[in-house]
Structures are given as C-alpha cells and as structure tokens.
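The values are calculated or read from the model by the stated rules, or taken from the named source; none is laboratory data. None of the values given here were measured: they were computed from a predicted structure. Positions of Cβ are generated from backbone atoms using ideal geometry, with glycine treated the same way; all protein chains shown enter the neighbour counts.
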C-alpha cells in the first residue's frame, strides 16, 4: 500500500498561525510543533527528575511525540484562531469533534499495520497517564505562543502585548511546578540577543 500520511505531515509547513495578528515574522504549524515537542519533552523530564513526588510522570519521549502530532489535524482543518475556537462551549465542542474526525482521516492514510501504532499519538486515549501527558503538551503549547509574543515584542510589534499578558496568565493558571521552573529559568532567555545568549 502506498501511504500519503507522511507527505501530509510535510504539508504542516503550509499552515500559517496567528492569522488575525499583524506579524513581523510568519510562523507555521510545522515549526510550532517542533518547538512544542522540545518544550513538552523538557517539562516531562523536569517532572520526572525534579517534581515527581506523588505525581504521575509520563514518559518524556511519549510526551514529545504527542506534542509533535498535537496539531496534525490542522492539515485538514486549517488553524482556527483562538477567539473563534474558544468562543463558547458549543463552538469548542464542535471544533473538537471536527479535529477528531480529521485525525481519524489522517490515521486511515497509514497502512493497516501502522494505524494501531500511530493511533495513540493522533487520537490519544482517555487514561490517567495520557491526560497528564496532554497537560504537559498544553503547557508547552502555551510556552510556544508566549515565545512567539516575545519574538514579536523584541522587534517592537506592540500588537502582541496583550496576547503575551493573556498567555502568561493562562500558563501560570496551570499551576504546575515544572511550568514555574521553565518560566523562572528558561523563558526570559528567549528575549535575549545571540551575543547575550552566548554570554549566559
């Protein structure tokens, strides 16, 4: 069987983010997914190695792959701006169902023997470990949005001031120690220049 699944994943780079905002630099879903995977992996490592006591610690590699595929359905749906996607509960539930159907369609593009292996990434199970893994992906997704805002603010684009403040508040509302660690020890470095980063 010939599969179009991987070629479809390649097309994530054509889906642009931040469609309602004036951007100085465009961002696509492929690069966003890569950044989310790096940060989600770091958060999972932090939880497992620094903040594990009494908590479920999903495998960092599993969390990273979940993050890589967390927006895969947007190949078929496009990137829905957050103010629309989260406008109200009926809109949010409808869009969630559309995303799930898109993920199922992508899954069917794989050969039968691979579908069961990829299902846990495209249509994650509703179990305790996966729910915790998805919390870390959500946190990483918000960090990625925060970093995009910092990139824009660094070059003087005031369009992203209120977005940055809102996303930072939503990050802190997650109340996760690994999120606080990343905020305190890693986030501000994204505002630094290359020379400043080299000196750290």
Among the residues in the stretch 145-163, are any touching a helix residue (DSSP H, G or I) at 6+ places or on another chain (Cβ under 9 Å), closer than 23 Å to residue 44 by Cβ and in contact (Cβ under 8 Å) with a residue 60 or more places away in the chain? yes
Kindly provide the set of residues from the stretch 58-89 that are surrounded by fewer than 17 Cβ atoms within 10 Å (Cβ to Cβ) and modelled with pLDDT of 95 or more, ordered by number. 59, 61
Against the definition (over 15 Å from residue 29 (Cβ atoms) and either in a helix (DSSP H, G or I) or in contact with a helix residue (DSSP H, G or I) (Cβ under 6 Å, 6 or more places away or on another chain) (or both)), how does residue 67 come out, yes or no? no
Is the stretch 130-141 home to any residue that is exposed (fewer than 15 other Cβ atoms within 10 Å of the Cβ) and on the phi < 0 side of the Ramachandran plot? yes
Please state which one of 45, 75, 39, 84 is within 21 Å of residue 159 (Cα to Cα), in contact with a helix residue (DSSP H, G or I) (Cβ under 8 Å, 6 or more places away or on another chain) and assigned to a helix (DSSP H, G or I). 84
